1. Given the options B:Ile7, B:Val64, B:Leu51, identify the residue whose Cα lies farthest towards the positive end of the charge dipole of chain B (+1 on Cβ of Lys, Arg; -1 on Cβ of Asp, Glu).
2. Given Cβ point charges of +1 (Lys, Arg) and -1 (Asp, Glu) and nothing else, what value in debye, to the nearest 20, does the dipole of the protein assembly as shown about its Cα centre take?
3. State to the nearest 20 debye the size of the charge dipole of segment C:42-90 about its Cα centre, where the only charges are +1 on K and R beta carbons and -1 on D and E beta carbons.
4. At what distance in nm do the modelled label points of C:Arg81 and C:Asp120 sit from each other, each positioned 7 Å from its Cα along Cα→Cβ?
5. Roughly how many debye, to the nearest 20, is the charge dipole of chain A about its Cα centre, given +1 on each Lys and Arg Cβ, -1 on each Asp and Glu Cβ, and no other charges?
6. Heavy-atom accessible area per residue, chain B, 1.4 Å probe: how many Å²?
7. What ³J(HN,Hα) values, in whole Hz, does the Karplus curve 6.51 cos²θ - 1.76 cosθ + 1.60 give for segment C:8-15 when θ = phi - 60°, with x put for Gly and Pro?
8. Would you mind checking B:Lys62/D:Lys62; B:Lys111/C:Lys62; A:Lys62/B:Lys111; B:Lys78/B:Lys114 for any pair whose Cα atoms are more than 26 angstrom apart?
4 protein chains.
Amino acid sequence: MDFSTEIQVRFADLDAYGHVNHATFFTFLETARTLVFKEPFLELMGRRLLLMIVQAECRYLKPVDLNGQVIVTMQLEKSRRTSFTLGYLVHDGQGTTFAEASTVMVCFDEKRGKPVAIADEMKRALGLI
Amino acid sequence: MDFSTEIQVRFADLDAYGHVNHATFFTFLETARTLVFKEPFLELMGRRLLLMIVQAECRYLKPVDLNGQVIVTMQLEKSRRTSFTLGYLVHDGQGTTFAEASTVMVCFDEKRGKPVAIADEMKRALGLI
Amino acid sequence: MDFSTEIQVRFADLDAYGHVNHATFFTFLETARTLVFKEPFLELMGRRLLLMIVQAECRYLKPVDLNGQVIVTMQLEKSRRTSFTLGYLVHDGQGTTFAEASTVMVCFDEKRGKPVAIADEMKRALGLI
Amino acid sequence: MDFSTEIQVRFADLDAYGHVNHATFFTFLETARTLVFKEPFLELMGRRLLLMIVQAECRYLKPVDLNGQVIVTMQLEKSRRTSFTLGYLVHDGQGTTFAEASTVMVCFDEKRGKPVAIADEMKRALGLI
């Protein structure tokens with residue numbers, strides 16, 4: 001199952017090189033996650049169940065500027081009891097890929113101070129149940 | 001003449017208070033400007049004519065979080081030879097106003113190192129000619 | 001009473017114009033506030049007493065780039081029962097002023113959902129008692 | 001050869017979870033690079049030789065908040081003709097590691113539109129010559 005989100009690129013995302021700063025790509029991924037999984041995400045946050053990033057990586061293929069579209073397409077790559085891995089393509093929807101990335105997220109119970117099984121709301125959103 | 005832009009709020013825009021950080025409101029205004037005036041803006045930037053902010057102010061009325069829409073509506077408030085003032089409402093399109101703001105921008109010629117008359121492309125976009 | 005803080009300028013603070021983005025000046029002010037008032041600030045945040053910005057303004061005099069120092073000097077300009085105004089100079093410590101700014105902050109009790117009298121810890125830090 | 005830089009953590013670096021946002025770790029690394037290699041970096045940028053990130057990864061071990069120190073220690077892990085890899089520890093200088101990371105950077109000649117051999121100034125700063 002694929003989830004695609006168009007990202008609104010901001011002038012402030014560009015750095016002095018005139019391209020979107022490399023760190024901001026991770027913000028694009030996060031924005032896509034938060035929009036696609038908005039309901040389970042806010043629901044979990046209300047119960048202090050945090051989806052914490054434990055690993056993130058990105059390969060940058062082509063710079064992004066203010067022209068043209070930026071789309072994040074993501075899919076579930078792997079799931080375990082307390083964590084899951086998402087894979088991402090950052091692209092323009094017309095054949096140009098800007099970056100490939102992945103993040104590993106753990107479901108963390110802030111009150112108990114430890115990882116817990118992925119909440120059912122999130123499992124459903126990920127297509128796991 | 002009014003220009004309205006919907007802003008894509010990002011999780012990273014929130015600070016530890018759980019609301020969009022106050023400084024980010026100015027980024028919302030900038031994003032709205034850059035989208036509405038995209039063509040003249042990029043055209044001017046190519047000629048190193050910068051639209052530099054010389055004054056900015058914002059009154060915050062209600063916090064913004066990840067729920068609901070954020071729209072920036074702006075209008076030209078005043079224009080002079082080398083500068084102009086834009087006024088903004090940040091609102092949800094349904095009667096709730098988050099902030100009122102204004103910015104003064106000067107058209108600055110980077111090569112000559114001084115303010116110059118507002119370029120015609122920008123004047124046209126602002127409805128001045 | 002004056003409080004001065006040196007700001008660590010980041011490459012990502014620069015935008016495509018090659019200068020520190022105008023919105024980031026407000027982040028510089030916030031960084032200075034948070035460092036100078038760190039103890040009362042964290043103490044209040046622990047009790048969900050938020051120092052919310054209700055008004056902010058800045059006049060930009062000279063662009064900031066990666067060369068040279070950036071110092072924020074602030075002072076209390078005005079205080080009322082539930083709010084206070086800080087004034088700021090952003091400068092290089094050697095006679096060059098980058099910006100002049102001010103912010104109005106209200107002490108907001110998140111649990112009660114309304115402004116409350118400035119907490120004593122903060123009053124002491126501001127030199128009010 | 002190790003290079004260490006203390007990072008000034010900002011309130012705006014925290015997200016709604018109350019920790020430094022994961023994307024901001026890459027900004028911390030960039031800030032460390034820019035400060036340690038400030039002279040060759042600005043010198044190269046003046047000649048439109050960009051140090052572009054082509055790969056970045058981070059493992060997050062412990063959240064960072066506003067308390068305590070944040071130090072980035074980096075070292076050259078590998079060098080090739082046009083690119084090099086830096087490894088990083090983000091830590092508090094007292095035995096706590098927040099994250100381990102690496103970035104691959106390529107020396108890119110913007111005028112010629114292609115990677116070029118790492119400039120001598122940068123090689124010297126990296127201890128390669």
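The values are calculated or read from the model by the stated rules, or taken from the named source; none is laboratory data. Because the structure is a prediction, the values reported are computed rather than measured. Virtual Cβ from ideal backbone geometry, glycine too; neighbours counted across all protein chains shown. What goes into the accessible areas is simple: the full protein's heavy atoms, side chains included, and nothing from ligands, DNA or RNA. Shrake-Rupley method; radii C 1.70, N 1.55, O 1.52, S 1.80 Å.
1. Farthest towards the positive end: B:Leu51.
2. Values: 60 positive and 64 negative charges, 0 e Å.
About 0 debye.
3. Details: 7 positive and 4 negative charges, 57 e Å.
Dipole of segment C:42-90, to the nearest 20 debye: 280 debye.
4. Spacing of the two 7 Å Cα→Cβ label points: 1.9 nm.
5. For this selection, approximately 640 debye.
6. Details: 5400 Å² over 129 residues.
With all protein chains present, chain B gives 42 Å² per residue.
7. So the J values, rounded to whole Hz, are 8, 6, 10, 3, 5, 6, 6, 10.
8. Values: B:Lys62/D:Lys62 33 Å; B:Lys111/C:Lys62 16 Å; A:Lys62/B:Lys111 29 Å; B:Lys78/B:Lys114 21 Å.
In this structure, B:Lys62/D:Lys62; A:Lys62/B:Lys111 lie more than 26 Å apart at Cα.
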